[in-house]
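Novice: Take a look at this one; I'll ask things after.
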Amino acid sequence: MARTRYIRKLKELRQDVTEMGAITLRSVEDVLTALETSDAALAQRVIVNDDAINKFDRKIEAQCMSLLALEQPMAKDLRIIATSLKMITDLERIGDFTADIAEEVVTMGKPIRIPVSASKFNELVADVKSMVADSIETYAQGNVQLARSFEARDDRIDYLYKDVVQNMVNALAQGKCSTETVADVASLLFIIRYLERIADHAVNIGNRVCYMEEGARRYLK
């Protein structure tokens, strides 16, 4: 009976972490849609949704502490709990950065103007979104092979981040930006940095899944 209860609680933990991941991913998707469409109302909902992510964080932390204190898990079970406890911190930080982007969208309140080619910015946005989605899948499925793809993908995001930032700084230095566009550039620089940090947390999740499944600490970066 005790073993059956323990297995059920461990299964509930993984389900709750996966659900927290799904809510976080939805916030990422919504804020990027709000950014693209200048939808301040949607951005505001993303800010409000950060509270739901934080509540999951506190709930799952309590679950992990209870399992560690009362069940004395070992081997793979212990790694699942440890990974879950660490992963919710990454998800909570992704939620925070997503809310930060939403606040920039609300502040701008108008269609965004990119003073350089938008293609690499759009690539950056798409790559970050797919990394977050895949990081949650790696945990839900225990997919180490997918987690190992994050290193090269994060290198690509870092390249795009540096390239877009440098091009924007050059546009400012060369006087290619109107007065209104300068304000947009300031917001964009914050947004791009937040996106890069979101990708870093997705890499962290990949590292944690490798540990959960293989029992050895592996650092993708």
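Novice: Order Thr18, Thr138 by their accessible area, 1.4 angstrom probe, all chains in place, largest first.
Specialist: Thr18, Thr138
Novice: I would also like to ask the following. Listed highest first by mean packing, meaning other Cβ atoms within 10 Å per residue, what order do 57-68, 90-101 come in?
Specialist: Packing proxy ranking, top to bottom: 90-101, 57-68.
Novice: At 1.4 Å probe size, with the rest of the protein present, what percent of the exposed accessible area of the chain is carbon and sulfur atoms?
Specialist: 51 percent
Novice: Over 23 Å between Cα atoms: which of Lys76/Lys129; Lys86/Lys162; Lys86/Lys129; Lys11/Lys129; Lys11/Lys59; Lys55/Lys86 fall into that group?
Specialist: Lys76/Lys129; Lys86/Lys162; Lys11/Lys129
Novice: Please list, in order, the residues from the stretch 37-59 whose amide nitrogen is less than 11 Å from a point placed 7 Å along the Cα→Cβ vector of Glu19.
Specialist: 56, by backbone N distance to the label point.
Novice: Still on this structure: Taking the 0 to 90 degree range and rounding to the nearest ten, how far is the long axis of helix 40-71 tilted relative to the main principal axis of the chain, both from C-alpha atoms?
Specialist: It is inclined by approximately 20 degrees.
Novice: If you don't mind, there's one more thing I want to ask. What net charge is computed for the residues neighbouring Asn49, neighbours being all others with C-beta under 9 Å from the C-beta of Asn49, Lys and Arg scored +1, Asp and Glu -1?
Specialist: Residues close to Asn49 contribute a combined charge of -1.
Novice: Applying the Karplus parametrisation 6.51 cos²θ - 1.76 cosθ + 1.60 with θ = phi - 60° to the phi angles of the stretch 93-109, what ³J(HN,Hα) value in whole Hz is obtained for each residue in order, glycine and proline being reported as x?
Specialist: Coupling constants for the stretch 93-109: 5, 4, x, 5, 5, 5, 5, 4, 4, 4, 5, 5, 4, 5, 5, 5, x Hz.
Novice: What dipole magnitude, in Debye to the nearest 20, does the chain give about its Cα centre under +1 on Lys/Arg Cβ and -1 on Asp/Glu Cβ?
Specialist: Approximately 760 debye in magnitude.
Novice: Follow-up question, since we're still on this one. How far is helix 118-141 tilted, in degrees, relative to the longest principal axis of the Cα atoms in the chain, given as a value from 0 to 90 rounded to the nearest 10?
Specialist: Taking the Cα atoms of the chain, the angle to 118-141 is about 10 degrees.
Novice: Any idea of the accessible area per residue across the stretch 89-172, 1.4 Å probe, to the nearest Å²?
Specialist: Result: 44 Å² per residue.
Novice: Using alpha carbon centroids, what distance separates the stretch 1-52 and the stretch 71-127, in Å?
Specialist: That distance is 11 Å.
Novice: If you don't mind, another one. Lys and Arg at +1, Asp and Glu at -1: add these up for the other residues within a Cβ distance under 14 Å of Ala75 and post the number.
Specialist: Its environment carries a net charge of -2.
Novice: Quick one: Karplus J couplings for the stretch 189-200, per residue in order, coefficients 6.51, -1.76, 1.60, θ = phi - 60°, nearest Hz, x for Gly and Pro?
Specialist: Listing the rounded values in order: 4, 5, 4, 5, 5, 4, 4, 4, 5, 4, 4, 4 Hz.
The values are calculated or read from the model by the stated rules, or taken from the named source; none is laboratory data. Everything quoted here is computed from the prediction, not taken from an experiment. Note: ideal-geometry Cβ built from the backbone for every residue, glycine included; neighbour counts use all protein chains shown. Note: accessible area is taken over every heavy atom of the protein model, side chains too, but ligands, DNA and RNA are not part of it. Shrake-Rupley method; radii C 1.70, N 1.55, O 1.52, S 1.80 Å.
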